[in-house]
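Here's the structure, in structure tokens; my notes come after.
The values are calculated or read from the model by the stated rules, or taken from the named source; none is laboratory data. Computed from a predicted model, the values in this text were never measured in an experiment. Here the Cβ positions follow ideal geometry from the backbone for every residue, glycine too, while neighbour counts run over all protein chains shown. Areas reflect the complete protein model, heavy atoms only, side chains present, ligands, DNA and RNA absent. Shrake-Rupley method; radii C 1.70, N 1.55, O 1.52, S 1.80 Å.
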Amino acid sequence: MGIIQRQSIKNSIVSYAGVIIAIFATLFIYKLDEEIYGFAHFLYSTAFLLSPIASFGITASLIKFFPSFSDRKEAYFNTILGLLIIANFVFLAFFFLFQESIFTLLVKVGIDQNNLIRQYAWAIVPLSLIINLNLLFISHASNLLRIVIPEIINNIGYKIALPIIVFAGYKGFIDKSGIAIAILFFFLMISLCLCVYLFRLGAIAFSSGVLKNTTKSFKSELAKFSLFNGFNTLGGSLAFRIDIIMISTMIGLEATGIYGIIVFLANVIEIPRKAISRIAAPIISKAWAENDIIELRTIYQKSSINLLLIGFLICFSIWFSLPFLDTISVGENRFVIYKYVFLFLSLGKLFDLMTSVNGEILIYSKDYKYNLLFLLILGCVNVILNLYLIRVYGIVGAAAATCCSYFLFNLVKFLFITIKYKLTPFNNKTVLLLLIGVVVFTVVSYIPLAKDFLLNPIIRIILLALLYIPTVIYMKISPDANKILFGMIEKLRK
């Protein structure tokens, strides 16, 4: 867990630096014009939904088979890159041939009744191809256990660029087409920066050519894994990203902007999960290749308790801060009014943290095909839930549908891995941590404070920290967390 801890901690620090930027943008820029922010959110989410279809799932194969070609990593990367380019061209040809049928189908099922996807397909389609290229570069960096700099380039860069683009739209400097072009240009620059970074690491060399004389079994396994992973990612997007698209096309872009602002707050909870996932993925892949069940169990359980520990603290802090965010932000009060959107989304995120890296364990195992089955079923269920719940409950319904998706999907994966491999992310500390979280949250919620005092949310967050942190340290919930904390204290003392 050493390298996972170091890289994930560094990645989390970078991610939370991005959060600070995004909080400023959310409070003082995005709320100036929620329709423009909703439009930008819609473009990216729709392009991300298309990206696994365009890539045929090839990007994940870069990590899956890297242990077998680590001594020829340049040629291996070139091979996967070539396959990605071919896949994108096939997708483009298919799209242009059948685009009218696709748009008609979307209207008939009620997803694009206002023809928003049709109107901006010229930007959405190329953006999905660029996203694939960026994902390929980021995956290759993960193979080398380098996730911090790509995170700075991709995540921090986007969090700086998006407020500038939205503000320019708010001021009338650019229209919606200009916003789409600006987003396209930004992601192109990201691709260039990531390519230069990997080149300087010596991780890519286009002059090395491609892999030659590979076995038929490898080619067959690569094709099968890529195809299944493409459907996996598509199912994941249907399960966890379709809400943004359906709100945009069923309610409107302003509602998308409001929902996107609340989604941002909920996404803060899962930042440690993303950091651990990126660095753990190649290690889990290697552990499966070596049939190292002990390593898998260690990563599974330690990740679960550490993620849930920090997830509780982040989630509760955001919940108590909602009234304060309304007070200091521009525009209409949104956070308290739509607190149940945050509640549903955060419950789903917390269960995702608790079940840890179950997705990575399943995807890189020999039974990765089951992940596809689970996702496709769940994706279809989520689309149906969104179609019904959005019509009845608006964006609260979309949040409830997404929450159900997180619970069902992670529950199914947890049961499968437990039964098939006798691996579980839980232990006796998990139950204790859940009890501590519920008790501390209840106590802090009902502590009487002066009515309508501006700093009440801040006081509750301080009380939360004073009760929660010493308790989990004293109870030794996470030896890793205790070690890191006491190590930092020792360094400060010296």
Using the heavy atoms of the protein chains and a 1.4 angstrom probe, tell me the accessible area per residue for the stretch 265-403 in square angstrom.
36 Å²
Which residues make up the longest stretch of the chain clear of GluC sites (Glu not before Pro) that lie in a DSSP loop with no more than 13 other Cβ atoms within 10 Å, not counting the sites?
1-289
The stretch 228-364: relative contact order as a whole-number percent, Cα under 8 Å and 6+ apart
35 percent
Got a sec to turn the phi values of the stretch 219-228 into Karplus ³J(HN,Hα) couplings, 6.51 cos²θ - 1.76 cosθ + 1.60 with θ = phi - 60°, whole Hz, x for Gly and Pro?
4, 5, 5, 4, 5, 5, 5, 4, 4, 5
Probe 1.4 Å - accessible area at S226, Å² to nearest ten
10 Å²
Does the stretch 144-188 come out rounded, prolate or oblate by the C-alpha gyration tensor, with a ≥ b ≥ c the root eigenvalues, rounded set by a/c under 1.5 and, if not, prolate when a/b is larger than b/c and oblate if not?
prolate
In terms of the alpha carbon gyration tensor, root eigenvalues a ≥ b ≥ c, rounded if a/c is under 1.5 and otherwise prolate when a/b exceeds b/c or oblate, the stretch 222-263 is prolate
In percent, how large is the relative contact order of the chain, given Cα pairs closer than 8 Å and 6 or more residues apart?
22 percent
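Do any chymotrypsin sites (Phe, Trp or Tyr not before Pro) in the stretch 421-481 lie in a DSSP loop with no more than 10 other beta carbon atoms within 10 Å, and if so, which? All intermediate terms of the calculation are to be shown ahead of the outcome.
On the way: sites: Y421, F426, F441, Y446, F453, Y468, Y474; in loops: F426, F453.
Filter output for the stretch 421-481: F453.
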Determine the share of the chain's accessible area contributed by carbon and sulfur atoms, expressed in whole percent, with a 1.4 angstrom probe.
70 percent
Apply the a/c threshold of 1.5 to the C-alpha gyration tensor of the stretch 319-433 and tell me whether it is rounded, prolate or oblate.
oblate
Residues of the stretch 427-485: accessible area per residue with a 1.4 Å probe, Å²:
63 Å²
Ranked order, T327, T233, T249, T79 - accessible area, probe 1.4 Å, largest first
T327, T233, T79, T249
